[in-house]
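Q: One structure is given below, represented as C-alpha cells, and several questions about it will come after.
Throughout, read-outs are computed from the coordinates displayed, never taken from laboratory work. Source: prediction; values computed, not measured. Here the Cβ positions follow ideal geometry from the backbone for every residue, glycine too, while neighbour counts run over all protein chains shown.
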Amino acid sequence: MKFSTVGPEGARNLLREKQRKQRMAAKELRVRFPHIPSLRLDFVFTDAESQSPAPQSVVLHPPARAYFVYPCPYASCTGELDLAANVDDIAEHGKAHTSGHAKCTGERQGRTGKTSCDLHIEYSIAVGE
C-alpha cells in the first residue's frame, strides 16, 4: 500500500481551492444584501516574531460574491479569517461600520517545522454609498 502525504504547499493549495469553490457558490452581494451598495474591508497585520505583512483593503461592489473568508497573508499558513458573521451583523442591524481584531489560528511551516501562526489582525468593515 502506498501512502501519500500532502506537504505544506499542497495543504495551502487545497485550502485555496476549497475557498475558490465556496466563493463561486456564494450569492452576489446585491442578492444577499440588496440594501448594501458596497462594502470595504480593511486589514492591518501585526506580527511580533517577524516583519508584518502589508495592510490590505478589499472593496466589494454589487456583482461581487458575498463571501467573507480571507486566507492568512502568509503563504505558508493554513489559517483563514471568517468575517461572515460580522457582515451579517452589519446588515441585520443597519450599521454603517464595525471593527475588531482576531488572531490567526493557522499553522506555518518554518525552519524548525510547524508552528502556530499567531498573526494579529485588525479589521474594519464599512458600508459604502
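Q: Out of the residues in region 61-89 that are among the acidic types (D, E) and either within 12 Å of the chain's Cα centre (by Cα) or under 30 Å from G110 (Cβ atoms) (or both), state the one that is surrounded by the most Cβ atoms within 10 Å (Cβ to Cβ).
A: Here the answer is E80.
Q: For region 98-114: of the residues being surrounded by fewer than 14 Cβ atoms within 10 Å (Cβ to Cβ) and among the hydroxyl-bearing types (S, T, Y), which is nearest to C72 (Cα to Cα)?
A: So, considering only residues that are surrounded by fewer than 14 Cβ atoms within 10 Å (Cβ to Cβ) and among the hydroxyl-bearing types (S, T, Y), the one nearest to C72 (Cα to Cα) is S99.
Q: Checking E92 against (1) farther than 22 Å from E17 by Cα; (2) surrounded by 12 or more Cβ atoms within 10 Å (Cβ to Cβ); (3) of a type in the set (D, E), which test does it fail?
A: Just one mismatch for E92, condition (2).
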